[in-house]
Amino acid sequence: MKQRRTNHGYRAAPVPPGFTVLPPVSKFFGSLGKVYVRDDRSGAPPVFGLHVRPKHGNRHGTGHGGFLATLADTFMAAFILHQRPEIGKMWTTQLTLDYRRPVPMGAWLECQLADLKFEGDILTVACELRVGSLVTNRATATFKVVARI
């Protein structure tokens, strides 16, 4: 995939076909920049993606761990709502993130659902953050449903 040069000194990969801009789910999440989603409406889980920008980085010039955890947490909640839109409020009760490899600046980073289990008001989700075919992070989380729509 050809990358384009930006005025920040890194090369950003192009947005892959089929992705559209996702409206921010919160003011905080909107501050992270453009996030994209590919949802073919076939019932398959959506895939989320974004470019890793300098504001997302750590002092080593790669994606900051806190930023990656924020993405995983938010995207796992979105996977739940995709499968069960009637769920209203929920909160994360546990989040684990395995940092397998650094995410370089300019990379196109995708989040894909790996597993989703519903047990009453407790939801367990796993996802993978990927750059191309490489898994950079694997996250698991437990959510508690506190109100249904």
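What follows draws every value from the coordinates through simple rules; no lab data is involved. Quantities reported herein were computed from a predicted structural model and do not represent experimental measurements. Backbone-built Cβ (ideal geometry, glycine too); neighbour counts: all protein chains shown.
Taking amide H as placed 1.01 Å from N in the peptide plane, the amide H of G57 sits under 5 Å from that of H64, each at least 5 places away or on another chain. Over the residues of the chain, the helix contribution to mean residue ellipticity at 222 nm works out to -4500 deg cm²/dmol, using -39500 (n - 2.57) for each DSSP H run of at least 4.
Among M105, M76, M90, the residue with the largest mean-square fluctuation in a Gaussian network model of the chain, with springs joining Cα atoms closer than 10 Å, is M90.
Of the trypsin sites (Lys or Arg not before Pro) found in the range 30-118, the ones in coil according to DSSP and having at most 16 other Cβ atoms within 10 Å of their Cβ are K34, R41, R59, K89, R100. Taking each residue as 0.36 nm, the span from S31 to K55 lengthens on full extension beyond its C-alpha to C-alpha distance by 7.6 nm.
Of all lysines in the structure, the ones whose alpha carbon falls short of 26 Å from that of K89, not counting any fewer than 8 places away in one chain, are K27, K34, K117, K144.
Dipole of the chain (Lys/Arg Cβ +1, Asp/Glu Cβ -1, origin at the Cα centre): which of G65, T96, F143 lies farthest to the positive side? So the residue furthest toward the plus end is G65.
Relative to the longest principal axis of the Cα atoms of the chain, the long axis of helix 65-83 lies at roughly 40 degrees. For the range 57-87, the residues whose backbone nitrogen is under 14 Å from a point 7 Å from the Cα of D39, taken along Cα to Cβ, are 75-87.
Based on every Cα atom in the range 84-149, Rg and the maximum pairwise Cα distance Dmax equal 14.0, 40 Å. Taking every DSSP bridge with both residues inside the chain, close to 100 percent are antiparallel. Entry note, the chain: relative contact order of 23 percent, from Cα contacts under 8 Å with a spacing of 6+ residues. Take the chain, connect every pair of alpha-carbon atoms lying under 10 Å apart with a spring to form a Gaussian network, then pick out the residue of V21, V125, V47 with the largest mean-square fluctuation. Result: V21 has the largest fluctuation of those listed.
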